[in-house]
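What follows is one structure encoded as structure tokens, with my remarks underneath.
The values are calculated or read from the model by the stated rules, or taken from the named source; none is laboratory data. What you see is a predicted model, and the numbers here were worked out from it, not measured in a lab. Cβ atoms come from the backbone with ideal geometry, glycine included; neighbour counts cover every protein chain shown.
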């Protein structure tokens, strides 16, 4: 009876595996829904943390595991697997051949990483998850989303890898402008060619995103609001499937927690 009750509950599974793209071990936290069975197949959401976050931030610290439990229990969304990788302070881009820290505070905080992080997220991670968990391993049932830096990475990755994901969501999406953070902007976009291939604002204008469903949510007092609305306008004017929500609040943990349910519901519709 005790074993049966354990199986009834959702669970978070910690994994560590070697990434060929980064040439080092990487970690992820995997949410398995209640009644998870290896004989069943589940959609997968790849959930990306914000800058200075990690694999635990969204699921545990901000309570997304509880939101998932409730929505699945209430049958508002179908059971799904959520994969929250630690992709470090990398913005999810392929920025260098060798993974390393390129910037940090004097006290060692706020580390920014460069390396083949897009390859890690789109190849190594997906291959590991599909090989070790009971996933529906096709585009229609594979989603990506995140907060802040994670929202930027979700847009960047889904726009560039349209063959992998059917839904993409960003909350407080950290779309960089030169006036937002010049150091990060110059690192991301050292020339026009790389900006055209990395910046969600440029990608949205130049890539066919007809088959992708996109969700944007940004607070009324968020410094990224202007760039988020600019992205929405580009997508909307090109008749893509995009929704935009702007609620009271800023770029804060409180805003995440107040909007998590709406964020999760997007993947269940």
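Checking each residue in region 160-188 for being surrounded by 14 or more Cβ atoms within 10 Å (Cβ to Cβ), modelled with pLDDT of 95 or more and part of a loop (DSSP other than H, G, I, E, B) picks out 161, 162, 164, 165, 166, 172, 173, 174, 175. So is residue 90 under 27 Å from residue 185 (Cα atoms), over 13 Å from the mean Cα position of the chain (by Cα) and part of a loop (DSSP other than H, G, I, E, B) or not? Criteria not met by residue 90.
Residue selection: residue 166 satisfies the criterion of being more than 30 Å from residue 248 (Cβ to Cβ) and in contact with a strand residue (DSSP E or B) (Cβ under 8 Å, 6 or more places away or on another chain). For region 191-259, the helices (runs of 4 or more DSSP H) that sit wholly inside it and include 2 or more residues that are buried (at least 20 other Cβ atoms within 10 Å of the Cβ) and either touching a strand residue (DSSP E or B) at 6+ places or on another chain (Cβ under 7 Å) or free of Cβ contacts under 8 Å to residues at least 40 places away in the same chain (or both) are 225-237.
With respect to the stated conditions, residue 93 fails to be more than 21 Å from residue 20 (Cα to Cα) and modelled with pLDDT of 95 or more. Looking across region 145-156 at every residue that is in contact with a helix residue (DSSP H, G or I) (Cβ under 6 Å, 6 or more places away or on another chain) and assigned to a helix (DSSP H, G or I), the one that is surrounded by the fewest Cβ atoms within 10 Å (Cβ to Cβ) is identified as 156.
Residue by residue, here is whether (1) touching a helix residue (DSSP H, G or I) at 6+ places or on another chain (Cβ under 7 Å); (2) buried (at least 22 other Cβ atoms within 10 Å of the Cβ) holds:
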{"residue": "63", "(1), (2)": "yes, no"}
{"residue": "68", "(1), (2)": "yes, yes"}
{"residue": "79", "(1), (2)": "yes, no"}
{"residue": "131", "(1), (2)": "no, no"}
{"residue": "135", "(1), (2)": "yes, no"}
{"residue": "140", "(1), (2)": "no, no"}
{"residue": "143", "(1), (2)": "yes, yes"}
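Number of residues in region 113-124 that are closer than 12 Å to residue 26 by Cβ and buried (at least 22 other Cβ atoms within 10 Å of the Cβ) equals 5.
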